[in-house]
Amino acid sequence: MAEEKYETHEYDVIVIGAGGAGLRAAVEASAQGVKTALVCKSLLGKAHTVMAEGGIAAAMGNVYPEDNWKVHFRDTMRGGKLLSNWRMAQIHAQESPDRVLELEEWGALFDRPKDGLILQRDFGGHRYARLAHVGDRTGLEMIRTLQQHAVHKGIDVYMECNLQRLLTDAGKISGAFGYWRESGKFILFKCKAVVLATGGGGKAWKVTSNSWEYTGDGVTMAADVGADLMDMEFMQFHPTGMVWPPSVRGILVTEGVRGDGGTLKNTKGERFMFNYIPEFFKVETAETEKEADAWYEDKKNRRTPDLLPRDEVARAINSEVKAGRGTEHGGVFLDIASRRSADYIQRRLPSMYHQFKELADVDITKEAMEVGPTCHYAMGGVRVDADTTAATVPGLFAAGEVAAGLHGANRLGGNSLSDLLVFGRRAGLYAAEYCKALKGALAVNTDQVNAFAREMLAPFESKGSENPYTIHADLQECMQDLVGIIRVESELKKALEIIQQLKQRTRNVKIEGNRQYNPGWHLALDLHSLLGFSEAATLAAIERKESRGGHTRDDYPNTDAKFAKVNVVVRKKNGEFALSQEPLPEMPDELKALLEEKK
Ligand SMILES: Cc1cc2nc3c(=O)[nH]c(=O)nc-3n(C[C@H](O)[C@H](O)[C@H](O)COP(=O)(O)OP(=O)(O)OC[C@H]3O[C@@H](n4cnc5c(N)ncnc54)[C@H](O)[C@@H]3O)c2cc1C
């Protein structure tokens, strides 16, 4: 095969991913005066951030003046089952309000009463109503605002450009390599720093709220150059995805429905969540329907158990279905019609109204929705420094869903959008500082790049007959059935065997046709990331022999004090993943005191 000349560009900072985290990072890096490019594999604006519905969590105290960063910090730590990195949780709680106000200054139009400050809505696990929102289309407004800001700053954007590999020189980041989705031609970026903002890997599961971009690319690219991954065992299954009809299974039903008054019921009409309140949350959760109803009316009493953190609600739904109290399609009911008027529902939840009307022929102002858990969010990802977002490879930074640490064992709803703004900004800032401080020139190793190009073109030359779609479907089946909400060692080990077999089969993938817009080839390339993400998640799930947050082990059903003190870290050595348990950083006493329970 003749080696081709690669289209080559040179920047200080390359931001890979143009969702909320990537856009905010690019804006900041560029504001610091370094030459910045933003690269995304979908169209600009089409990222998971645009799909976000419920809102951005920030302790602004607009609805409850008693709210402040300390309560938000405490809620995040408790929601994350005390495994969140305390420093990230502190920074996040302290800086989120400023980032929301900054977004407003840049043109975002949040919902607000006629004469008041930005409105804030209730979400699971948050003590006070604190999600700044725009109906149930918050992500759209966030992306619109950030995108306009970035474009006006003149940042170079490369869209429908898929980066596949990071390049290093003497252990430091020196570039990234990939291809244009339309032409299939390769593209090479030389740079001093890379910010990964590629999101998660939910497409490895069958029932998921995630879309096609979520193939774990950032996590795998980072691992391939030796960066540490952390908390990969924690995958969030959102309790409320659509379950019927089959073609829409997994599409998200925002937690805003419960925040605005919706209640969960089984097929006997029981509000079953009262039977699933863990000791840990009893202090502030209503234990009777009367108490919970009072909360909905005046918001001054203890909170309804329908708004417990997501891991608790997802497990409860799973148990109800298993006990035979679920619907024929394997879900439960979510009812807002019997509590709120049609006008209220259409005003507060317009997307949900249309989603059910158009996709399931259900009028949610009159009928209950059928819902069940859906794979939604990766708490784990690239291990980063809490203040700077630097990964363990010099020149590599990560922010947003691709990074680990803030959310611990379970993310609270709304804490992702604020995470993107807070740590996206920090990633851009510290990547720029790194570039300015870097001494000496970096080189790109042409042999390494040529080897990547040959690997990527191998499916066209292959003598095998494997189909990438079949391999992807088999992986999704495996992860759904064996690495799902409830896990057990024998099944996790079986999953690992299947993943190894799938890796072998991937070597025999055959792609017909040419490089111009060839979706089969794109998926064949994504399999590398999907399998890398799945392998790391499964290995970490075997290692954590306890149940905590988004990781429930049937064979170890309780939390274990030993695992309360460690993160599971995964890193590649000689091409193979190796595991270690590493102690959590010590939390200062004044922050420990904030975690004490108070009524
Ligand atoms: C339906 C839905 C509703 C949600 N609602 C909320 C909510 O109300 N509040 C909340 O806090 N969170 C919510 N979330 C979660 C939140 O939206 C995501 O966690 C968050 O948007 C992730 O942002 P990000 O910037 O990390 O990644 P994304 O916004 O997904 O952006 C990833 C970017 O990376 C690019 N990319 C990926 N791989 C490559 C590659 N190899 N090369 C080049 N580019 C690449 C993609 O093209 C994209 O531009 C929701 C999620 C979903 C799916």
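The values are calculated or read from the model by the stated rules, or taken from the named source; none is laboratory data. These numbers were taken from a predicted model, which means no experiment stands behind them. Reconstructed Cβ throughout: ideal geometry from the backbone, glycine too, with neighbour counts over all protein chains shown.
Results, tabulated for the structure shown:
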quantity	calculated
Any pair with Cβ under 6 angstrom, 6 or more apart, that starts in segment 213-230 at a residue that is over 15 Å from Ser534 (Cα atoms) and ends at one that is away from the ligand (no atom under 14 Å from the Cβ) and among the charged types (D, E, K, R)	Asp228/Arg383; Asp228/Arg571
Residues satisfying the stated conditions in segment 233-248, i.e. crowded, with 23+ Cβ neighbours inside 10 Å and outside any strand (DSSP E or B)	Glu233, Phe234, Val243
Residue identified as surrounded by 19 or more Cβ atoms within 10 Å (Cβ to Cβ) and modelled with pLDDT under 95 among Ala391, Ala368, Ala386, Ala314	Ala314
Segment 369-381 - residue that is of a type outside the set (D, E, K, R) and away from the ligand (no atom under 11 Å from the Cβ) and, of those, farthest from Leu482 (Cα to Cα)	Met369
Some residue of segment 10-27 being within 16 Å of the ligand (Cβ to nearest atom), crowded, with 21+ Cβ neighbours inside 10 Å and among the basic types (Lys, Arg)	yes
Positions within segment 31-41 being farther than 23 Å from Ala108 by Cα and near the ligand (Cβ under 8 Å from one of its atoms), in sequence order	Val39, Lys41
Residue in segment 264-287 that is buried (at least 24 other Cβ atoms within 10 Å of the Cβ), away from the ligand (no atom under 16 Å from the Cβ), of a type in the set (A, V, I, L, M) and touching a residue at least 40 places away in the same chain (Cβ under 8 Å) present	yes
Residue ID - surrounded by the fewest Cβ atoms within 10 Å (Cβ to Cβ), chosen from residues in segment 187-205 that are assigned to a strand (DSSP E or B) and within 13 Å of the ligand (Cβ to nearest atom)	Ile187
Residue satisfying condition, being over 30 Å from Asp481 (Cα atoms) and in a loop (DSSP other than H, G, I, E, B), within set Val449, Val444	Val444
Extreme residue, nearest to Tyr158 (Cα to Cα), among residues of segment 18-53 that are in contact with a strand residue (DSSP E or B) (Cβ under 6 Å, 6 or more places away or on another chain) and small (Gly, Ala, Ser)	Ala37
Pair list, Cβ < 6 Å and 6+ apart or interchain, from segment 165-190 residues that are within 11 Å of Val449 (Cβ to Cβ) and at pLDDT 95 or above to residues that are within 15 Å of the ligand (Cβ to nearest atom) and assigned to a loop (DSSP other than H, G, I, E, B)	Gly175/Cys191
Asn508 closer than 30 Å to Ser465 by Cα and modelled with pLDDT under 95	no
Among the residues listed as Lys81, Lys46, Lys5, the single one being more than 14 Å from the ligand (Cβ to nearest atom), under 22 Å from His238 (Cα atoms) and part of a loop (DSSP other than H, G, I, E, B)	Lys81
For Arg426: the one exception among (1) within 27 Å of Met230 (Cβ to Cβ); (2) in contact with a strand residue (DSSP E or B) (Cβ under 8 Å, 6 or more places away or on another chain); (3) not β-branched (Val, Ile, Thr)	(2)
Near pairs, Cβ below 7 angstrom, 6+ apart or cross-chain, from segment 20-49 (without any contact (Cβ under 8 Å) to a residue 40 or more places away in the chain) to any residue that is surrounded by 20 or more Cβ atoms within 10 Å (Cβ to Cβ)	Lys35/Tyr11; Lys35/Asp12
Residue list for segment 323-356, filter: over 19 Å from Glu255 (Cβ atoms) and within 27 Å of the chain's Cα centre (by Cα)	His329, Gly330
